[in-house]
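Single-structure report; data block below.
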Amino acid sequence: MKRLIIPLFISVCCISTSVPAVDHDSIITPGATVQKLAATFEFTEGPAVDRRGNVFFTDQPNDRIMKWNAADGTITTFKQPAGRANGMYFDRKGNLLACADEKNELWSIAPDGKATVLVENYQGKLLNGPNDVWVRPDGALYFTDPLYKRPYWKRGPMEQSGEHVYFLSHDHKTLIRVADDLKQPNGIIGTPNGKTLYVSDIGARKTYAYNIRKDGSLENKRLFCELGSDGMTIDNKGNVYLTGKGVSVFDRTGKNIEHIDIAEPWTANVAFGGADRRTLFITASKSVYTLRMQVKGITK
């Protein structure tokens, strides 16, 4: 592994921005401020948390997956090249699922770094470019497939009929399209009970909620909030975190309850890390940030 020398004191002294004072009902730890961990990347994305609270994230232009160690705060290179990985999520077996859009694929990466291709096409045609993924409790998964044309692609025009959402069964044998009426689906996250799926239509600047059926299909589509998002996460209270211009937090009814400013052009994604899952890990442009929270992420 190639190691980056990032001392622990950086997270204390390099403060990009702060959040306003909060009361005891806030989701943010009182007095906590946003901390910049590092700014040595080209564009950060896809934070995913393993069972120990370590956060893996992508530096897509540099084609690498990085690892933030929850125990000592160091950041190392986990895998390079990495298939131009974007959004990621851990399954219950400890494999890192990655939207590898170099060849428009979905990967499963073992703890030793070995990659297996799970999805390489839909009905014999290339996907647009898998972007974000969520694994439901039984091991089945959902992923979004918007089209963001990449300079490294060597391909013709879009082969799919549009930009859609897909479901892959837990045995990885059945792939179906479950949402085909969105403009540009991007961020995706589900509830820990596997009953509700949130999908951001960033092209339409809206986020929707769906009921999840056992066979993977979706029903009861409804507007969750009038805001699109890049990456997304959820906390143990059911609050949903959307990204773009900072981090916007909505409770389970779709009410905006918090906004976290990040001093970067774009905030791409967010996840809860650390041993206690109370550290909000934020990927934003060339940097990564953390913020201590009173709520916590979901432990798999």
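Here, each number is a calculation from the coordinates, and none is a lab measurement. Computed from a predicted model, the values in this text were never measured in an experiment. Because the Cβ atoms are built from the backbone with ideal geometry, glycine has one as well, and the counts that use them run over all protein chains shown.
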### Inter-site label distance for Met158 and Asp138 at 7 Å from Cα along Cβ, in nm
3.1
### Proxy reagent accessibility, fewest Cβ within 10 Å first, across Glu219, Glu264
Glu219, Glu264
### Message
Connecting C-alpha atoms closer than 10 Å in a GNM of the chain, tell me which of Met88, Met232, Met66 has the biggest fluctuation.
### Response
Met66
### Query
Between Ile65, Ile176, Ile234, which gets the highest mean-square fluctuation from a Gaussian network model of the chain, Cα cutoff 10 Å?
Ile176
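Reported to two decimal places, what Rg/Rh ratio describes the range 212-300 when computed on Cα atoms with Rh from the Kirkwood expression?
1.00
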#### Entry: Square roots of five times the Cα gyration tensor eigenvalues for the range 3-292, Å
28, 22, 17
### Task
For the chain, give the magnitude of the charge dipole about the Cα centre (Cβ charges: +1 Lys/Arg, -1 Asp/Glu; no others), in debye to the nearest 20.
420
### Task
Please compute the Cα-Cα pair-distance distribution of the range 127-218 with 10 Å bins starting at 0, giving whole percents from short to long.
17, 50, 27, 6, 0
### Query
From the residues Gln80, Gly129, Ala48, which one has its Cα farthest along the dipole of the chain in the positive direction, the dipole being from +1 and -1 charges on Cβ of Lys/Arg and Asp/Glu about the Cα centre?
Gln80
### Query
Among Trp266, Trp68, Trp134, which comes first, then next, by fewest other beta-carbon atoms within 10 Å?
Trp266, Trp134, Trp68
### Message
Under 10 Å, Cα contacts only: if you run a Gaussian network model on the chain, which one of His172, His259, His164 comes out with the highest mean-square fluctuation?
### Response
His172
### Task
Determine the sum of side-chain charges near Glu226: Lys and Arg each +1, Asp and Glu each -1, restricted to other residues whose C-beta is under 13 angstrom from that of Glu226.
+3
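Ser217 to Asp91: extension gain in nm, 0.36 nm per residue of separation minus the Cα-Cα distance?
Length gained between Ser217 and Asp91: 43.4 nm.
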### Query
In what sequence do Leu175, Leu106, Leu223 fall when counting other Cβ within 10 Å, fewest first?
Leu223, Leu175, Leu106
#### Entry: Positive-pole candidate from Leu168, Asn220, Ala268, dipole of the chain, charges at beta carbon
Leu168
### Task
With unit charges on the beta carbon (Lys/Arg positive, Asp/Glu negative), name the residue among Ala110, Gly194, Val247 whose Cα is farthest towards the positive pole of the charge dipole of the chain.
Ala110
